[in-house]
Amino acid sequence: MLVSLIAAAGIMAMVIVPAEALQAEVDASIAAFAGERDEQGRWLVVRNGYHARGRC
């Protein structure tokens, strides 16, 4: 039982940490282009939202 709990915790850490790192990279990329617009005044980079959890 203890081994299963330790393995599950390790798997969760491998999945959650990369997702947080990816989110930080996305946020930094969007921030780098904040305020940038094209010739028609449209934003060059926008965030379109998120999928509902568990759906792709």
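Before moving on, here are some points about what is shown:
- Long-range HN-HN contacts of V45 with modeled amide H, under 5 Å: none
- Net +/- balance of residues flanking L44 in space, Cβ distance below 12 Å, scoring K and R +1, D and E -1: -1
Bear in mind these aren't lab numbers, they're just calculated from the coordinates by the rules spelled out. Predicted model only: the values in this text are computed from it and were never measured. So basically every Cβ, Gly included, is an ideal-geometry build from the backbone, and we count neighbours across all protein chains shown.
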